[in-house]
């Protein structure tokens, strides 16, 4: 009995020890079992839905639509987020290595969740209080968080559940994608602030380069921003960002992606930021980009739904719009406009200082000015906004009359000032506006589109949206009708007044405002067009009537309404620059009209072609008649109103053209034709009552022609453009009419050529 009692006493501590060990193991194992159970329940969707396979395979990404030039340059983007994806092979190895070394050293080893990292966080950071221990999130987990963002202001319990969901999503991402794909998705998705979303935008915005060309120190800076882009913002905290960059470089050395020597050299370098501001107001061809967005793509998206029936979104679907614009020619066109408009504005501003109604003509009454200003106010965004807020007319007038701080345009740079919105409207009206377009007459491809002098401050497009009276640039259409009816360029007609009898109106006799010393003489058509003689154009119009001229203009591509009245022979019709340039291509393209196009194709984010575009063509006249028209218009440049292209701008290449000036010289035009380019430019005030006082300054040869001249000088100087500079191609068959009018014009032209064109005025 005593022995049993002794044995029982001996076993008692052993039982307690086993029980203790059991409890201890229970305490150790239970949390893991609990975590396993919670993970299982979360994975089954008991705590909310998880993304399915389809969502994992096609995560929703806001991808920017790119507008691409014919020579492969990015002209601009449309975006909700400025993100454009790149493939893994397009990444600099420094980006890849830096990201792994800094954010996830065991990236290639784990399956989405790094257990060693989690234990480090638990014991070193949470229990040990060492904040230098780093985080436990893998690159894949961070990607999961970016692809499927957390809700804001969550409780600690829901946040814990959300963290577990991210583990599960990360594991599933690892099953769906390769390591390269995961890393690429991460670096494409990350927001580097300052509108730099994704590595492609970040490379461009911070360093003006591409992801594959990023250097080690540049890559390290961008990788360093991944920790906290708001804190490590190189534009706001350069020193802090530099320190973080060097931490990344040190990590790259630690994991042997860089040598000690490389690290020692790189850490001394400055950040080397070459900031490229991302702004829709900046960059090449902003007027074209806006027309594409607000007109062309809006209609295209309505007419070309996705396979599922929904519309494409140009801000999120990552489309690629391939345009016909040549970035080099576009740049030269913008340069040419700026160069000339600065010059012409100096003269106009000087003249305005002597006008009591500046910038309006002295004949404009105060009531007319008040009406113009009120109309401009009503068209402004500010007025529409105030109206939408429910303000009364009196409150709006007061708002427009109250001085406020603002930034206004000047050719010397923006000016920060204080003035009332109404005063700013009048100030802006003091700047002459301009439009320019250049296209290939054989393909219809628009090569350059400059819709105004400064897109940020003057957004109204003067190429396609604006329509102005075209003046004498319309005359070639009248002459073309005569040539098509068998007239010869050397045919002589009387340069005498022509009177039109009009129903229910007084008779109309146009004036001859140019070269009056030739009044009363017989002149050839070539001579008359070269000097833009109004009476001869009116004479031709009277032979055929307005209707056939209107019909021909429409066949040439003019879509604007043209009233069939005799006055159209002198250019009273209001037509866009886009239409005028398009119509002139018929003469340069052997009689076949080619409608202008500015987009060749549209692709989806995967490179699948969604639409191809081809220009509409129509044969309007035979090859011979078109060639004759070119010869007629060459006279304008050789000895007519466009002669300054030769003696002043030294452009000796084969060239045809036509100047144009409207009544009161409110509009100055020039249309220029070379064997492989047709270009047009317009210059004028926002309102017709804003113009030069003298014809010398206000004519098309002075206001518009220089833009064409500067542009052609630049494009011909760029040998890489390889613009053909040969003669206009002659028709295969022999020309049936006389083209050498010298023997007919000899007497008439004496004194008309010379070395100056100061007397070769061209008026409406």
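The values are calculated or read from the model by the stated rules, or taken from the named source; none is laboratory data. These figures come from a predicted structure and were not determined experimentally. Glycine gets a Cβ as well: all are built from the backbone with ideal geometry, and neighbour counts include every protein chain shown.
Within the stretch 62-73, which residues are touching a residue at least 12 places away in the same chain (Cβ under 8 Å) and within 30 Å of residue 720 (Cα to Cα)? Talk me through it step by step, then tell me what you get.
Looking only at the stretch 62-73, we keep the residues that are touching a residue at least 12 places away in the same chain (Cβ under 8 Å), and these are 62-71, 73.
65, 66, 67, 68, 69, 70, 71, 73 - these are the residues of the stretch 62-73 that are touching a residue at least 12 places away in the same chain (Cβ under 8 Å) and within 30 Å of residue 720 (Cα to Cα).
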query = Can we say residue 688 is within 17 Å of residue 531 (Cβ to Cβ) and in contact with a helix residue (DSSP H, G or I) (Cβ under 8 Å, 6 or more places away or on another chain)?
reply = no
note = Counting only residues that are touching a helix residue (DSSP H, G or I) at 6+ places or on another chain (Cβ under 9 Å) and crowded, with 18+ Cβ neighbours inside 10 Å, the stretch 423-441 contains a total of 13
inquiry  = Suppose the filter is closer than 20 Å to residue 344 by Cβ and not assigned by TED's automatic domain parsing to the domain that holds residue 568; does residue 408 pass it?
reply    = yes
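Here is a yes/no grid of residues against (1) surrounded by fewer than 19 Cβ atoms within 10 Å (Cβ to Cβ); (2) under 41 Å from the mean Cα position of the chain (by Cα); (3) under 22 Å from residue 662 (Cβ atoms):
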residue: 467; (1), (2), (3): yes, yes, yes
residue: 483; (1), (2), (3): no, yes, no
residue: 489; (1), (2), (3): no, no, no
residue: 498; (1), (2), (3): no, no, yes
residue: 508; (1), (2), (3): yes, no, yes
residue: 521; (1), (2), (3): yes, no, no
residue: 524; (1), (2), (3): no, no, no
residue: 538; (1), (2), (3): no, no, yes
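Residues of the stretch 580-597 being more than 23 Å from residue 627 (Cβ to Cβ) and crowded, with 24+ Cβ neighbours inside 10 Å, which ones? Can you show your working first?
Residues of the stretch 580-597 more than 23 Å from residue 627 (Cβ to Cβ): 597.
Of everything in the stretch 580-597, nothing turns out to be more than 23 Å from residue 627 (Cβ to Cβ) and crowded, with 24+ Cβ neighbours inside 10 Å.
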inquiry  = Just the residues that are surrounded by fewer than 22 Cβ atoms within 10 Å (Cβ to Cβ) and at pLDDT 95 or above, please, taken from the stretch 635-646.
reply    = 644, 646
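Every residue, every condition in (1) over 29 Å from the mean Cα position of the chain (by Cα); (2) on the phi > 0 side of the Ramachandran plot; (3) assigned to a helix (DSSP H, G or I), yes or no:
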| residue | (1), (2), (3) |
| --- | --- |
| 654 | yes, no, no |
| 668 | no, no, no |
| 671 | no, no, no |
| 687 | no, no, no |
| 706 | no, no, yes |
request  = Scan the stretch 290-312 for residues that are more than 16 Å from residue 608 (Cβ to Cβ) and assigned to a loop (DSSP other than H, G, I, E, B) and jot them down.
outcome  = 309, 310, 311
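On the given criteria, is residue 560 modelled with pLDDT of 95 or more and more than 30 Å from residue 732 (Cα to Cα)? If you could, list the steps in order and put the result at the bottom.
On the way: modelled with pLDDT of 95 or more: yes; more than 30 Å from residue 732 (Cα to Cα): yes.
Against the criterion (modelled with pLDDT of 95 or more and more than 30 Å from residue 732 (Cα to Cα)), residue 560 qualifies.
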key: Flag if residue 237 is over 30 Å from the mean Cα position of the chain (by Cα), modelled with pLDDT under 95 and farther than 24 Å from residue 602 by Cβ   = yes
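Can you spot a residue in the stretch 604-613 that is touching a strand residue (DSSP E or B) at 6+ places or on another chain (Cβ under 7 Å) and buried (at least 23 other Cβ atoms within 10 Å of the Cβ)? Outline the logic, then answer.
Taking the stretch 604-613 as the starting set, the residues that turn out to be touching a strand residue (DSSP E or B) at 6+ places or on another chain (Cβ under 7 Å) are 604-605, 609-613.
Now restrict to residues that are buried (at least 23 other Cβ atoms within 10 Å of the Cβ): none.
No; the residues of the stretch 604-613 include none that is touching a strand residue (DSSP E or B) at 6+ places or on another chain (Cβ under 7 Å) and buried (at least 23 other Cβ atoms within 10 Å of the Cβ).
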task = May I ask you to verify whether residue 702 is touching a residue at least 24 places away in the same chain (Cβ under 8 Å), part of a helix (DSSP H, G or I), in contact with a helix residue (DSSP H, G or I) (Cβ under 9 Å, 6 or more places away or on another chain) and under 17 Å from residue 449 (Cα atoms)?
result = no
query = Pick from 315, 331: which is outside any helix (DSSP H, G or I), surrounded by 14 or more Cβ atoms within 10 Å (Cβ to Cβ) and out of contact with any helix residue (DSSP H, G or I) (no Cβ under 8 Å at 6 or more places or on another chain)?
reply = 315
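Is it fair to say residue 563 is free of Cβ contacts under 8 Å to residues at least 60 places away in the same chain, assigned to a helix (DSSP H, G or I) and under 43 Å from the mean Cα position of the chain (by Cα)?
Working: free of Cβ contacts under 8 Å to residues at least 60 places away in the same chain: yes; assigned to a helix (DSSP H, G or I): no; under 43 Å from the mean Cα position of the chain (by Cα): yes.
When the stated conditions are applied, residue 563 does not pass them.
Which is at pLDDT 90 or above and either in the same structural domain as residue 181 (by TED's automatic domain parsing) or surrounded by fewer than 19 Cβ atoms within 10 Å (Cβ to Cβ) (or both), of 74, 68?
Values: 68 fails: either in the same structural domain as residue 181 (by TED's automatic domain parsing) or surrounded by fewer than 19 Cβ atoms within 10 Å (Cβ to Cβ) (or both).
The match here is 74.
Can residue 672 be described as at pLDDT 95 or above, closer than 22 Å to residue 324 by Cβ and assigned by TED's automatic domain parsing to the domain that holds residue 695? Show your work before the answer.
Working: at pLDDT 95 or above: yes; closer than 22 Å to residue 324 by Cβ: yes; assigned by TED's automatic domain parsing to the domain that holds residue 695: yes.
Answer is yes for this residue.
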task = Determine, yes or no, whether residue 607 is outside any strand (DSSP E or B) and on the phi > 0 side of the Ramachandran plot.
result = yes
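Out of the stretch 540-558, which residues are under 42 Å from the mean Cα position of the chain (by Cα) and part of a helix (DSSP H, G or I)?
Initial filter on the stretch 540-558 (under 42 Å from the mean Cα position of the chain (by Cα)): 541, 546-558.
Residues satisfying the conditions are 541, 546, 547, 548, 549, 550, 551, 552, 553, 554, 555.
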task = Looking only at the stretch 699-717, count how many residues are buried (at least 24 other Cβ atoms within 10 Å of the Cβ) and touching a strand residue (DSSP E or B) at 6+ places or on another chain (Cβ under 8 Å).
result = 10
task = Inspect the stretch 665-675 for any residue being surrounded by fewer than 17 Cβ atoms within 10 Å (Cβ to Cβ), more than 20 Å from residue 483 (Cβ to Cβ) and in contact (Cβ under 8 Å) with a residue 12 or more places away in the chain and give the result as yes or no.
result = no
task = Looking only at the stretch 577-597, count how many residues are touching a residue at least 60 places away in the same chain (Cβ under 8 Å), touching a helix residue (DSSP H, G or I) at 6+ places or on another chain (Cβ under 9 Å) and not in a helix (DSSP H, G or I).
result = 5
ask   = Is it fair to say residue 532 is out of contact with any strand residue (DSSP E or B) (no Cβ under 6 Å at 6 or more places or on another chain) and part of a loop (DSSP other than H, G, I, E, B)?
value = yes
